[in-house]
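Asks: Below you'll find the structure I mean.
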Amino acid sequence: MSTAIIIPARYNSSRFPGKPLAILDDKSILQHVYDSATKASSKNDTVVVATEDERIEKHCKKHDMRCVMTSEDCETGTDRIVDALDIIREEPEYIVNLQGDAPFTPPAFIRAVLDTLAIHKEFDIVTPVEQLSWDALDKMRIHKAVEPFSGTTAILGEGNKALWFSKQILPAIRNESEFRKKSNLSPVCRHIGLYGFKRESLERYAALEPSRYEKLEGLEQLRALQAGMNIKCIFVDYKGLPSFSGIDTPEDLEQARKILKEHGEWKNEKQQYSIGENETENEEEQQNTDENE
């Protein structure tokens, strides 16, 4: 299969201007992301940065990273990817949207998205989720008290088909203490902002107007769901390494530096994924809980 991993990298971030070029350890954030993409790619895959800024283009040339200049009018990373597809010479069948501010994205997760796209052709989009431990859920709740629009959760249906995504912590958990006794894992799935598209699905998505709930929540994937597109979620496991989403602020960068100092080089061999049934569902337990309302 022909695939492209495209990295949208915008210089003019409102909360952190110049973010892709900020230094993390001895490399820029963008270099870390590009390294993950190349480790995940096979010989015939395309890896390219898509940007609107000449400073990022110059940085890419200096460090042998392929880059294309896209329109300044692209409103989202997905729009920038579509613009990049019109520029590159390749015609990929599958495309991964790898955010340029996510330096800790494990290469195995990227590969998992691509492999799943090839296996489950009935889905338009593939994206990873992480089932949170109770400790991780507690930490998310604390963080959301300060940053309510940080972190995204996912609700899954049969076959791990995405039903909904939200900046709220979903699902609400009645009788939580009982669930805590039965498993070390909570029923909450954190969404990881990595997307794989079939080419025709990406083009269809890009032609859609932003949806009502996309605007309310600030989540692009809700546009696809409201249009009836099928999103497949895959469960991934960080295997003890800290899960860290994209860098949005200078404070996030400092936190990322602490993680690198503590864990050293990102250990790719420990980063694994699984494509299994939804481990968060236990219909019999839920039925019993509902009957006791």
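We did not get these values from a lab; they are worked out from the coordinates using the rules stated. Being a predicted model, the structure only gives us computed values, none of them experimental. Cβ placement follows ideal geometry from the backbone for every residue including glycine, while neighbour counts extend to all protein chains displayed.
Asks: Tell me, what is the percent relative contact order of the chain, built from C-alpha pairs under 8 Å that lie six or more residues apart?
Replies: 21 percent
Asks: While we're here: How big is the C-alpha Rg of the chain next to the rule-of-thumb value 2.2 N^0.38 Å, as a ratio?
Replies: Its radius of gyration relative to the 2.2 N^0.38 Å reference: 0.99.
Asks: Could you work out which residue, out of CYS74, CYS189, CYS233, moves most in a Gaussian network model of the chain, that is, has the largest mean-square fluctuation with Cα springs under 10 Å?
Replies: Checking each option, the largest mean-square fluctuation is seen for CYS74.
Asks: Of LEU21, TYR94, VAL33, which is farthest towards the positive pole of the chain's charge dipole, taken about the Cα centre with +1 and -1 on the beta-carbons of Lys, Arg and Asp, Glu respectively?
Replies: Sorting the options by dipole projection puts first LEU21.
Asks: Multiply the residue separation of ARG66 and THR38 by 0.36 nm, subtract the distance between their alpha-carbon atoms, and state the gained length in nm to one decimal.
Replies: Fully extending the segment from ARG66 to THR38 adds 9.0 nm.
Asks: With a cut-off of 8 Å between alpha carbons and a minimum separation of six or more residues, what is the relative contact order of the range 34-105 in percent?
Replies: Relative contact order of the range 34-105: 27 percent.
Asks: I've got another one for you. Pop the C-beta distance of GLU158 and ARG89 into the FRET formula with R0 = 41 Å and round what comes out to the nearest 0.05.
Replies: 0.55
Asks: Just to be sure I understand the model, the point goes 7 Å from the Cα along the line to the Cβ. What's the resulting SER13 to LEU185 distance in nm?
Replies: Result for the modelled spin labels: 3.0 nm.
Asks: Of the listed peptides 78-86, 64-72, what is their order by residue-averaged count of other C-beta atoms within 10 Å, with the highest listed first?
Replies: For the peptides 78-86, 64-72, the packing ranking is 78-86, 64-72.
Asks: May I ask you to compute the full-extension gain from LYS144 to GLU122, defined as 0.36 nm times their residue separation minus their alpha-carbon distance, rounded to one decimal in nm?
Replies: Full extension from LYS144 to GLU122 adds 4.4 nm.
Asks: On to the next question. Assuming R0 = 30 Å, can you tell me the calculated FRET efficiency for the pair GLN168 and HIS263, based on Cβ-Cβ distance, to the nearest 0.05?
Replies: Efficiency computed from Cβ-Cβ geometry: 0.50.
Asks: Students often forget the sequence filter, so: which lysines lie under 16 Å Cα-Cα from LYS139 once same-chain residues fewer than 8 apart are removed?
Replies: Within reach: LYS167.
Asks: Okay, next question. Using only alpha carbons, build the gyration tensor for the range 1-96 and give me the equivalent ellipsoid semi-axes, biggest first, whole Å.
Replies: 21, 17, 11
Asks: Right, something else. Excluding VAL47 itself, what net charge comes from residues whose Cβ is under 13 Å from its Cβ, given Lys and Arg +1 and Asp and Glu -1?
Replies: 0
Asks: List the cysteines of the chain that have no other Cys Cβ closer than 4.7 Å: which are they?
Replies: Unpaired cysteines in the chain: CYS74, CYS189, CYS233.
Asks: Taking LYS27 as the anchor, which lysines have their alpha carbon closer than 28 Å to its alpha carbon, excluding any fewer than eight residues away along the same chain?
Replies: LYS19, LYS39, LYS43, LYS58, LYS61, LYS62, LYS239, LYS258, LYS261, LYS267, LYS270
Asks: Would you please name the trypsin sites (Lys or Arg not before Pro) within the range 1-54 that are DSSP coil residues with at most 16 other C-beta atoms within 10 Å of their C-beta?
Replies: ARG15, LYS43
Asks: Here's something else I'd like to know. Excluding residues on the same chain fewer than 8 positions from LYS232, give the lysines whose Cα lies under 18 Å from its Cα.
Replies: Of all the lysines, those that pass the test against LYS232 - Cα under 18 Å, at least 8 places apart if same chain - are LYS121, LYS161, LYS198.
Asks: Counting Lys +1, Arg +1, Asp -1, Glu -1, what net charge surrounds ARG190 among other residues with beta carbon under 11 Å of its beta carbon?
Replies: 0
Asks: Take each complete run of DSSP H in the chain, measure how far its Cα atoms stretch along the helix's own axis, and keep only those covering 15 Å or more with mean Kyte-Doolittle hydropathy at least -1.0; list them.
Replies: 29-40, 107-119, 134-146
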